[in-house]
Amino acid sequence: MSETLVRYPPDQFMIPCHLTGKNFSPRVASEKTGIQFYTQTEVGEMERIGKRIATYGDASFEPPLEFQQMENPYIGLFWMVDTLTEHIDTLRSCGADDIYIDLGVVYHLDVKLEFEPDFLMKLANLKIPFLISGYKEEVAE
């Protein structure tokens, strides 16, 4: 079983938000919003992968663990959209040109997602891409 599937049990979501920009400063964005990035690179810093000087700032964050470990996997997604709704203008003012949510769904049988109209309207108002990827859990027999 992959590390991802161990970290995210079946029927759970991985909900990272990725931000990049030529002038994006994750440090300033974190200070202004209180968002804790789990990866971040400032323009001019050495990239972790590739070992080059970064020409773009980038960062990623997920909902806090208490919102990811609830029985309802949608709670973390709601947290992400609410957080972005509150801070999207500040993130953009910190140089984030490209912002998107990359929803990963881990499942072991069939997968069906349901989104209420109010949630979809909030998501649409962010004017950012929303990616969905499915990852079927490999079941040992």
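The values are calculated or read from the model by the stated rules, or taken from the named source; none is laboratory data. Worth saying up front: this structure is predicted, and the values here are computed from it rather than measured. Heads up, the Cβs are rebuilt from the backbone with ideal geometry, glycines too, and the neighbour counts pull from every protein chain shown. For the accessible areas, the whole protein counts, side chains as well, though only heavy atoms, and no ligand, DNA or RNA atoms are used. Shrake-Rupley method; radii C 1.70, N 1.55, O 1.52, S 1.80 Å.
Key figures
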{"quantity": "Filtered residues of segment 80-93 (kept if more than 14 Å from residue 36 (Cα to Cα) and either of a type in the set (S, T, N, Q) or open to solvent by 20 Å² or more (accessible area, probe 1.4 Å) (or both))", "calculated": "82, 85, 86, 89, 90, 92, 93"}
{"quantity": "Residues satisfying the stated conditions in segment 28-71, i.e. part of a helix (DSSP H, G or I) and over 18 Å from the mean Cα position of the chain (by Cα)", "calculated": "28, 31, 32"}
{"quantity": "Members of segment 106-116 that are in contact (Cβ under 8 Å) with a residue 12 or more places away in the chain and surrounded by fewer than 19 Cβ atoms within 10 Å (Cβ to Cβ)", "calculated": "107, 108, 111, 113"}
{"quantity": "Hits in segment 66-76 - residues which are surrounded by fewer than 13 Cβ atoms within 10 Å (Cβ to Cβ) and either under 16 Å from residue 34 (Cβ atoms) or in contact with a His (Cβ under 6 Å, 6 or more places away or on another chain) (or both)", "calculated": "66"}
{"quantity": "Failed item, numbered, when residue 63 is tested on (1) under 21 Å from residue 122 (Cβ atoms); (2) open to solvent by less than 40 Å² (accessible area, probe 1.4 Å); (3) of a type outside the set (A, V, I, L, M); (4) modelled with pLDDT of 95 or more", "calculated": "(4)"}
